[in-house]
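Down below is the structure, laid out as C-alpha cells.
Only the coordinates and a few stated rules stand behind these numbers; no lab work does. What you see is a predicted model; the values in this text were computed from it and never measured. Every residue, glycine as well, gets a Cβ built from its backbone with ideal geometry; the counts of neighbours run over all protein chains shown.
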Amino acid sequence: MKFGIVTFPGSNCDDDAYVAVTEALGATGIRLWHKDHDLQGVDVVILPGGFSYGDYLRAGAIARFSPIMREVIAHAERGAPVLGICNGFQIACEAHLLPGALLRNASLQFVSDMVTLRVENATTRFTNRYDAGQLLRIPVAHGDGRFTIDAEGLSALEDRGQVVFRYVDSTGATTDAANPNASLDNIAGIVNARGNVLGMMPHPERAVDAALGSTDGLALFESMLAAVAA
C-alpha cells in the first residue's frame with residue numbers, strides 16, 4: 001500500500017507523516033511535490049501540517065490552487081482516501097473537499113499542547129481500529145484551528161455521523177477548557193459525506209511512538225491500511 005505525502009512550500013510535518021507511514025506502519029511512502037501532476041499510483045493522499053505558502057490570505061487558501069491539488073481532488077472524487085492534518089485540514093476545506101472553515105483560535109494565540117480526543121465515529125475507514133467513545137492523547141500545534149460551520153451544516157454533520165473526533169477532558173466530557181481553539185461543538189475532526197476524506201487539527205503522525213508521548217495516532221494509519229486492503 002502506498003501513501004503519498006504532499007509537500008507545499010511551508011509544510012513542516014511532511015517528514016513526520018512520512019516517518020509515521022514508513023517506520024511506524026511499515027507501508028510505502030511517496031513524496032509528492034506541490035507542482036506535480038502525477039500521484040504516482042498512491043492509494044492514500046496525506047495533506048500534512050505546516051504553513052503552506054506562509055498562510056497568506058488565509059491558511060490553506062493558496063495551497064488549494066497548487067497543481068497537485070487537481071490530482072488530489074480527482075483522487076477524492078474517485079472515492080479514494082485523503083487525510084488532511086492541521087494545515088491539510090485547512091487546505092481540504094478551502095478546496096471544498098470538506099465543509100466548514102478553520103478560523104483563528106479564539107485566544108488569538110498559537111496553541112501547542114497535548115489534548116484528549118473522543119472517537120465519535122469508529123466505523124470510518126480512518127477509525128475502524130478504534131472503539132466508539134475511546135479517548136486518545138494526540139498533540140495539537142496551530143494558530144487557526146477553530147472549526148466553524150453554519151447551523152444547517154452542523155446539523156448535517158451530526159445527523160450523518162461525520163463528526164469523527166471531539167475535544168474532551170480526561171473524563172471524556174466536552175468542556176470549554178478542553179477545547180484548545182473554541183471549535184464549534186468541540187469538533188476536532190470530520191469526514192465528508194462519502195466518508196473518504198478526513199480532516200483533523202490534531203497530529204496523529206506525532207503520536208505513533210511511545211518516545212513521542214503517545215501511540216494513540218497509530219491506529220488511524222492502521223485503519224486506513226485495513227480499509228484499503230479490504
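Data for the structure
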{"quantity": "Val164 vs. criteria touching a residue at least 60 places away in the same chain (Cβ under 8 Å) and either on the phi > 0 side of the Ramachandran plot or of a type in the set (Val, Ile, Thr) (or both)", "calculated": "no"}
{"quantity": "Options Val140, Val164; residue that is touching a Cys at 6+ places or on another chain (Cβ under 9 Å) and surrounded by 14 or more Cβ atoms within 10 Å (Cβ to Cβ)", "calculated": "Val140"}
{"quantity": "Residue count, segment 78-128 (criterion: closer than 14 Å to Val140 by Cα, assigned to a loop (DSSP other than H, G, I, E, B) and aromatic (Phe, Trp, Tyr))", "calculated": "1"}
{"quantity": "Hits in segment 51-71 - residues which are small (Gly, Ala, Ser) and either surrounded by 22 or more Cβ atoms within 10 Å (Cβ to Cβ) or part of a loop (DSSP other than H, G, I, E, B) (or both)", "calculated": "Ser52, Ala59, Gly60, Ala61, Ala63, Ser66"}
{"quantity": "Residue match in segment 208-220 (condition: buried (at least 24 other Cβ atoms within 10 Å of the Cβ), hydrophobic (A, V, I, L, M, F, W, C), under 16 Å from the mean Cα position of the chain (by Cα) and closer than 20 Å to Val111 by Cα)", "calculated": "no"}
{"quantity": "Verdict on Asn181 being over 13 Å from Leu117 (Cα atoms), touching a Pro at 6+ places or on another chain (Cβ under 9 Å) and touching a residue at least 40 places away in the same chain (Cβ under 8 Å)", "calculated": "no"}
{"quantity": "Considering residues of segment 7-30 that are of a type in the set (Asp, Glu) and buried (at least 19 other Cβ atoms within 10 Å of the Cβ) only, the residue nearest to Met69 (Cα to Cα)", "calculated": "Asp14"}
{"quantity": "Restricting segment 186-230 to residues that are without any contact (Cβ under 8 Å) to a residue 60 or more places away in the chain and β-branched (Val, Ile, Thr), the residue that is nearest to Val21 (Cα to Cα)", "calculated": "Thr215"}
{"quantity": "Qualifying residue in segment 31-48 (condition: within 30 Å of Ala211 (Cα to Cα), surrounded by 20 or more Cβ atoms within 10 Å (Cβ to Cβ) and free of Cβ contacts under 8 Å to residues at least 40 places away in the same chain)", "calculated": "yes"}
{"quantity": "Residues of segment 200-217 classified as of a type in the set (Gly, Ala, Ser) and part of a strand (DSSP E or B), total", "calculated": "1"}
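Conditions (1) outside any loop (DSSP other than H, G, I, E, B); (2) buried (at least 19 other Cβ atoms within 10 Å of the Cβ), marked per residue:
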residue: Asp144; (1), (2): no, yes
residue: Ser155; (1), (2): yes, no
residue: Thr174; (1), (2): no, no
residue: Asp185; (1), (2): yes, no
residue: Leu198; (1), (2): yes, yes
